[in-house]
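Asks: Have a look at this one.
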Amino acid sequence: MPDDAHPRDGDASTPERSDAADAAPATDGGAAVGDAEWDAAAERGAVVGESTGGRGVGDPDGDVVLRLADVVKRYGSETAVSGLDLTVREGELVTLLGPSGCGKTTTLRMIAGLEAPTEGTIAVGDDVVAGDGAVTPPEERDVGLVFQEFALFPHLTVAENVAFGLEEPDSPDADRRVETLLELVGLAEYGDRSPADLSGGQRQRVALARSLAPEPDVLLLDEPFSNLDVSLRVRMREEVKRILEEAGVTAVSVTHDQEEALSLSDRVAVVNDGRIEQVGEPGEVFEHPTSRFVASFLGQASFLSARIGEGGVETVVGSYDRDLLKGLGDGYVGSRVDVLVRPDDLRATPVAEGDADGEVVRRQYTGPSFVYHVRLHDGTVLCCLHNHTEEFEVGEPVAVTLVADHALAWYPAA
Ligand code: ATP
């Protein structure tokens, strides 16, 4: 297989990688974006952070509000963050998403000034706040932080809590500013209440209003929904998204919840082992993950072995047109690849044993749907999404069909 065909699977080791991913214009290469394409994009001047859609995203000329360059954080022999690059433009909400211990919170704390990077540079607007010998203390950075536990003062009213965030809480304009902020978060009537008399969602909105009060250049949200119950979490995501959009604030949030990251963010930065493995719009990282790690972390993912033949793509569950694979150019005939398939790309059909591709080995009931895990004769396990009315038994022989109506990402055979 030609080198430029290789997706960058497993190669998250260079700083250029996250830069390049950051800079990636929508390509027709899908997961198979070659180095040549990155170079071409760079030559065209595709800048870090370029993207489309969302709030002010897609404006490559938009001001860079936050930039992390080759940031490293070590605690003794432990490396929590290992060469992280990220650029955030004005008005964007970027979410750092990754498994526990990958370095998300440490990164957020370094942006806030609660930790100093061991190496690298952090700039907020034109100010280098860490690196180059400079370390600006947290209170001198134009950065707001919303804590997981909201951290409201119990002895102050809601309005007083919000006013606490103002630089001059006793100024004549302070009352008006507090009123505006309470209106923004939908709590105009709650100014005199005690935080203790509010629901979890309302407390979160007060915390947000307080953090927005000093009009920070960047707002940081540390697992902002983790203290809310599941149904409230979904509602608050929408609400927080609206508030941040209306406030026009640039924000960075941290979560390990894929759904939250995908639904809330303008761009998602997937963090693995202390560095960003891919950054892009939610649809881009979900549909065209540049590595198996990103593919697997963003949702149920299986990898179907395929051979590129003269006439099409041959798999153990049938032959398909070459268009099935995103960005598959000429010159791949005879190559083996692994195709990323998600449950909604596949269907299982009960058949006689002799016609089966494999058997159901697990049923996952989610309420509206079943996900059937099917072990193929070659040992590969694929997940197939079905309506809850389609009930198959574990052990049932089934044929598996690829029903994806979009091109799929692929990787060089493992
Ligand atoms: P989680 O989602 O569980 O909060 P995370 O991605 O936010 O995880 P971090 O809290 O940034 O991860 O931690 C990254 C690594 O750095 C972990 O291995 C952690 O144990 C280590 N670490 C973090 N803070 C310290 C510290 N103060 N001293 C030593 N090691 C630390």
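Asks: Can you tell which of VAL381, GLY280, VAL371 lies farthest toward the positive end of the dipole of the range 280-414, using +1 and -1 charges on the Cβ of basic and acidic side chains (Lys, Arg; Asp, Glu)?
Replies: Farthest along the dipole direction, towards plus: GLY280.
Asks: What is the magnitude of the charge dipole of the chain about its Cα centre, with +1 placed on the Cβ of each Lys and Arg, -1 on the Cβ of each Asp and Glu, and no other charges, expressed in debye to the nearest 20?
Replies: That gives the chain a dipole magnitude of about 1020 debye.
Asks: Cut-off is 10 Å between beta-carbons; in what order do VAL333, VAL158 appear when sorted fewest neighbours first?
Replies: With the sparsest Cβ surroundings first, the list reads VAL333, VAL158.
Asks: Of the options VAL88, ALA196, LEU262, report the single residue whose Cα projects farthest towards the positive end of the charge dipole of the chain (beta-carbon charges: Lys, Arg +1; Asp, Glu -1).
Replies: ALA196
Asks: While we're on this one: Starting from the coordinates of the alpha-carbon atoms of the range 255-407, obtain the Kirkwood hydrodynamic radius over all distinct pairs and give the value in Å to one decimal.
Replies: 16.8 Å
Asks: Right, another one. Is it possible to state the helix-based mean residue ellipticity at 222 nm for the chain, with each DSSP H run of 4+ residues giving -39500 (n - 2.57), the sum divided by total residues, to the nearest 500 deg cm²/dmol? What is it?
Replies: -6500 deg cm²/dmol
Asks: Another question about this same structure. On alpha-carbon atoms, Rg over Rh for the range 120-206 using Kirkwood Rh?
Replies: Rg/Rh: 1.08.
Asks: Let me ask something else about it. Please give me, ordered by residue number, the GluC sites (Glu not before Pro) of the range 269-349 that lie in loop per DSSP and have at most 11 other Cβ atoms within 10 Å.
Replies: GLU310
Asks: Turning to a different aspect of this structure: Using amide H atoms built in the peptide plane, which far-off residues or other-chain residues are under 5 Å from VAL313 H to H?
Replies: For VAL313, the qualifying residues are TYR320, ASP321, ARG322.
Asks: Provide TYR411, TYR372, TYR75 in ascending order of the number of other Cβ atoms located within 10 Å of each residue's Cβ, fewest first.
Replies: Final ranking by Cβ density, sparse to dense: TYR75, TYR411, TYR372.
Asks: Further question on the same structure: At each listed q (0.25, 0.26 Å⁻¹), what is the log10 of I(q)/I(0) that the Debye formula gives for the range 217-299 modelled as equal alpha-carbon point scatterers?
Replies: Log10 of I(q)/I(0), two decimals: -1.29, -1.34.
Asks: Using the eigenvalues of the Cα gyration tensor, what equivalent ellipsoid semi-axes result for the chain when each is taken as the square root of five times the eigenvalue, whole Å, largest first?
Replies: Taking √(5λ) for each Cα gyration eigenvalue gives 43, 27, 17 Å.
Asks: Treating only the Cβ atoms of Lys and Arg (+1) and Asp and Glu (-1) as charged, compute the dipole magnitude of the range 262-346 about its Cα centre; round to the nearest 20 debye.
Replies: 260 debye
Asks: Now for a different question. Over all directions, what mean area does the Cα convex hull of the range 167-259 project, stated in square nanometres?
Replies: 6.4 nm²
Asks: Still on this structure, I have one more. So for LEU376, LEU408, LEU232, fewest C-beta neighbours within 10 Å to most, what's the order?
Replies: Lowest count first: LEU232, LEU376, LEU408.
Readers should treat all values here as calculations from the given coordinates under stated rules, not as data from a laboratory. Model, not experiment: these values are computed from the prediction. Cβ sites come from the backbone with ideal geometry, for glycine too, and all protein chains shown count toward neighbours.
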